[in-house]
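The numbers here are math on the coordinates, done by the rules we state, and not lab data. If you're wondering where the values come from, they're calculated on a predicted model, not measured in any experiment. Cβ: placed from backbone, ideal geometry, glycine included. Neighbour counts: every protein chain shown.
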Amino acid sequence: MVNFGFTINKSTRIDYDQASKDVSRYVIAHEPSALLCIGCGCCTATCSAGQFTPFNLRRIQLQVHRGELARLEQETEKCMLCGKCQMVCPRGVNTRHLVMTIHKAMTLYNRGELKDL
Amino acid sequence: MFRERFSYAPFVWPFVIGLIFFLCFFVAAIVRVFKELPQSDKIKFGKSLFTKQTLVSIKEIFMECLLHRRIFQRDPLLGFMHMSIAFGWFMIIVLGHIEVKLYCPNHLNLPYFPIFFRYFVKQTDSTLGGAIFFFLMDFFLLMVLIGIGIAIYKRINSRIVGMRRTTRLKIYDWLALYSLWSIFPLRLLAESFTSSISGGSFLTRGFGLLFDSFVSNSVHVVPTWWAYSTALGVFFIAMPFSRYMHILTEPFLILLRNAGIRTVRHGQGYALTETFACSRCGICLDPCQMVLPGRMDKKATVYFISNLRYNHMETAREMAEMCMQCGRCVAACPVGIDSCRLKLSVKTDNQMGQGDTYLQYLNPASDALPAEIQPVVRQMPEKPDVVYFAGCMSHLTPAIPRAMQTLFKAAGIRYRYLDENGSVCCGRPLMLAGQEEAARQLIAKNTELIVKSGAQTLVTSCPICYRVFTEEYKLPIRVVHHTVFIRDLIAAGKLSTEPVQERVTYHDPCDLGRGSGIYEAPREILKDMAVLQRAYEEKDQALCCGGSLGSNLMPYETRRKIAADAFNRLTFRNPDVLVTACPLCKKTFQDVADRPVLDIAQYVATHLRAQKADAAPVEETPYRAAV
Ligand code: SF4
Ligand code: SF4
Ligand code: SF4
Ligand code: SF4
């Protein structure tokens, strides 16, 4: 193919009929404060792990609720649970437990053990 | 003088059956605990036997299990209640056995014989020796009865013994409780009815005469002894399943603890002993801020331990995840149960990563971390005196590291700020979340960085870091928290402060005070600078700020409630400033504060005496703006 120096972006359209809501439901059931997030990104800005890796809690939350679940289990394993994000979150989201819950949900999901809630 | 009337009666059976059942259970439990102890702990225990340590343990057993000294210190009436029941009962048993040895030396001493001695042996109370025995037995019986009286009243109104609330009990506890309450009144009845035959003293004789005036005593002798024996039997059978198992477990726990044995895993060995040694006294309810102001009454340690004991693991786990690990309940527990450690061992069951993928970027093979961190380390040309680790939380309160840098410069110390551009976390938050394996990776990484710096002293501003540095890191260099470091600099004349016309109250951070035992250093600094006002709850009683990373589950609203309540209690003497020594406490309190909350480093840095001309120039500390 001729290289024109640009490519066509992959579609970022999310098909909510296809996307799995299971992880999102599990997370909200086990850490209800997930619903309070306004996506401000303070957690990501202060994140200790974010200095070394592209780890991004704001985006992870978004992906959970959108059902974009690829690689999320490994992503959450970058968090050091240091708690900085929890101290800066303007909405009082229990972020440390949120990360742990997402990880748990993803482990179950990847093993196919996530029960429909 | 005395005459043995009988040596057996059928009413001894309920007691004997109960006793045999109980002893079998107890021996089996001890064997199980020993089997489950790790090999190294078994050796520790063996070595601790028949040493000076044993004497210390025996003294502790006497002071705590019988006299209940720690409960006395908390509330004299509550202490008296526990002491009179335990010590009185103990003395009755001991005196009973002495009586048997003295009066029937040749008698085959079956276990029931001293218990029902008054029924079996007719004795005279008119000789001096006899009278003294009768008097002592009655005296200690009275003591137990008074204790039981207080206990019954405590169930109705717990405030008289200084407790806002008492524990809710399980069915076996009720069974044991009622049988315990009835044992001694029944003994009094039985001995009173028998007193005209076998003798008695002021109590039994007195009641005997009183009853005699309206009932025929001889008819009631055998039934009351039956009732007494049955109450004992029921108590012994209910005991292994009830909280009263603590009576015999506690001495055993003291022996193990003084041998240096600690909890390894819940439900095994030492941890199992701790679970059984909890008397569910409920003393840990009032100090717990989850109970008040958190309004999560059911999350208190006493219920955690009981859930653990009855194997309700899911509930226990949830409670462990809610607890802030502040240690107030541990400091208050008269049995000395390290419930925080128990809770951590429960949390450890839920490991997130398998170890290979978790925190993978720390692995030098993946290039992410070292590239970022290395420059900081490489910037260290000469050997610094001190390596400074501010900690994650201090990065949220930049005034603290800034103040520390001012102090380093003022004191002329060559330092390196290890995490100036950020670093990995110290690992304690992961440990507190039960993620021990991942924490070990951070510990290894940080150890490497710290050792590489070549400094001889590690100074940290964060008590959370300090605790894990001292407890888990095996660092070859000295580790100090900045409170101690600043105190030493002032004492050595390297820093001097000017007097401040202010009233300050100091708040002890959990991990620095109860966690690491540093109470005096900050107070010494502040006493010399300003008017130090004591907080009502300080040192090992100090409150938790509510920001604790120990809790995984606690919602923000509860944290805020706890913080506001703690702040009010801390400032009830109306100080001008609240000084603390932890970035997390500072940040948490600032949310709810109506006056400045400063870290001790900031406080010292702002009130440094003007330096001599030759000293290093002091950097202006713009902390006011950052407050
Ligand atoms: S700081 Fe809180 S509200 Fe903002 S994105 Fe993070 S979790 Fe959501
Ligand atoms: S707890 Fe995890 S997500 Fe939050 S700041 Fe620390 S490393 Fe980042
Ligand atoms: S943990 Fe200690 S203070 Fe709490 S109920 Fe048990 S024995 Fe009492
Ligand atoms: S450690 Fe603190 S929060 Fe946890 S149970 Fe004890 S007193 Fe309550």
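Straightening the chain between B:GLU520 and B:ASP540 buys 6.0 nm, computed as 0.36 nm per residue apart minus the Cα-Cα spacing. For the stretch B:577-593, the Karplus equation 6.51 cos²θ - 1.76 cosθ + 1.60, evaluated at θ = phi - 60°, returns couplings of 9, 9, 10, 9, 9, 9, x, 5, 4, 4, 5, 5, 5, 4, 4, 10, 8 Hz by residue, with Gly and Pro reported as x. Distance from the Cα centroid of the stretch B:520-567 to that of the stretch B:141-168 is 32 Å (rounded to whole angstrom).
Taking every DSSP bridge with both residues inside chain B, close to 15 percent are antiparallel.
Cβ crowding within 10 Å ranks B:SER496, A:SER24, B:SER423, B:SER40 as B:SER40, B:SER496, A:SER24, B:SER423, fewest other Cβ atoms first.
Apply the a/c threshold of 1.5 to the C-alpha gyration tensor of the stretch B:281-333 and tell me whether it is rounded, prolate or oblate.
Details: a/c = 1.81, a/b = 1.43, b/c = 1.27.
Prolate, since a/c reaches 1.5 and a/b exceeds b/c.
Got the relative contact order for the stretch B:249-350 handy, in percent, Cα pairs under 8 Å and 6 or more residues apart?
29
Take the Cα of B:ASN106, go 7 Å toward its beta carbon, and the backbone nitrogen atoms of the stretch B:3-33 under 16 Å from that spot belong to B:3-5, B:7. Within the listed set A:ALA19, A:ALA34, A:ALA105, the Gaussian network model of chain A (springs between alpha-carbon atoms below 10 Å) gives the highest mean-square fluctuation for A:ALA19. Residue order for B:SER201, B:SER196, fewest other beta carbons within 10 angstrom first, comes to B:SER196, B:SER201.
Using just its DSSP H runs of length 4 or more, each adding -39500 (n - 2.57), chain B gives a mean residue ellipticity at 222 nm of -17000 deg cm²/dmol after division by all residues.
Within the shell defined by Cβ-Cβ distances under 13 Å, the residues around B:GLY513 carry a net charge of -1, with Lys and Arg each +1 and Asp and Glu each -1.
With +1 on each Lys and Arg Cβ and -1 on each Asp and Glu Cβ, and nothing else charged, work out how big the dipole of the stretch B:496-606 is about its Cα centre, in Debye to the nearest 20.
Working: 14 positive and 16 negative charges, 56 e Å.
Roughly 260 debye for the stretch B:496-606.
Label-to-label distance, A:GLU113 versus B:GLU498, with points set 7 angstrom from Cα along the beta-carbon direction: 6.5 nm.
Exposure proxy for B:HIS68, B:HIS482: other Cβ atoms within 10 Å of each Cβ, ordered fewest to most, give B:HIS68, B:HIS482. How many angstrom lie between the Cα centre of the stretch B:319-345 and the Cα centre of the stretch A:51-79? Spelled out, the Cα-based centre of one part sits 33 Å from the other.
Classify chain A as rounded, prolate or oblate, taking a ≥ b ≥ c as the square roots of the eigenvalues of its Cα gyration tensor: rounded when a/c is under 1.5, otherwise prolate if a/b is larger than b/c and oblate if not. Verdict is oblate for chain A. Here the protein assembly as shown is assigned +1 on the Cβ of each Lys and Arg and -1 on the Cβ of each Asp and Glu. Its dipole about the Cα centre then comes out at about 420 debye. Each part gets one Cα centre, and for the stretch A:1-45 versus the stretch B:201-257 those centres are 69 Å apart.
With the simple model of a label 7 Å out from the Cα in the direction of the Cβ, B:ASP75 to B:LYS42 spans 4.3 nm.
Looking at the protein assembly as shown only, what percent of DSSP beta bridges run antiparallel? Nearest 5 please. If you can, show how the numbers build up before the last one.
Details: 4 of 24 bridges.
Bridges in the protein assembly as shown that DSSP calls antiparallel: roughly 15 percent.
Projected label points at B:ARG560 and B:SER126, each 7 Å from Cα along the beta carbon direction, are separated by 8.2 nanometres. Note on chain B: dipole from Cβ charges, positive end direction compared against B:THR497, B:SER182, B:TYR519; the farthest Cα belongs to B:SER182. Using the Cβ-Cβ distance between B:PHE135 and B:TRP13 with R0 set to 30 Å, the FRET efficiency works out to roughly 0.45. Counting 0.36 nm for each residue step from B:HIS607 to B:ILE20 and taking away their Cα separation leaves a gain of 204.2 nm.
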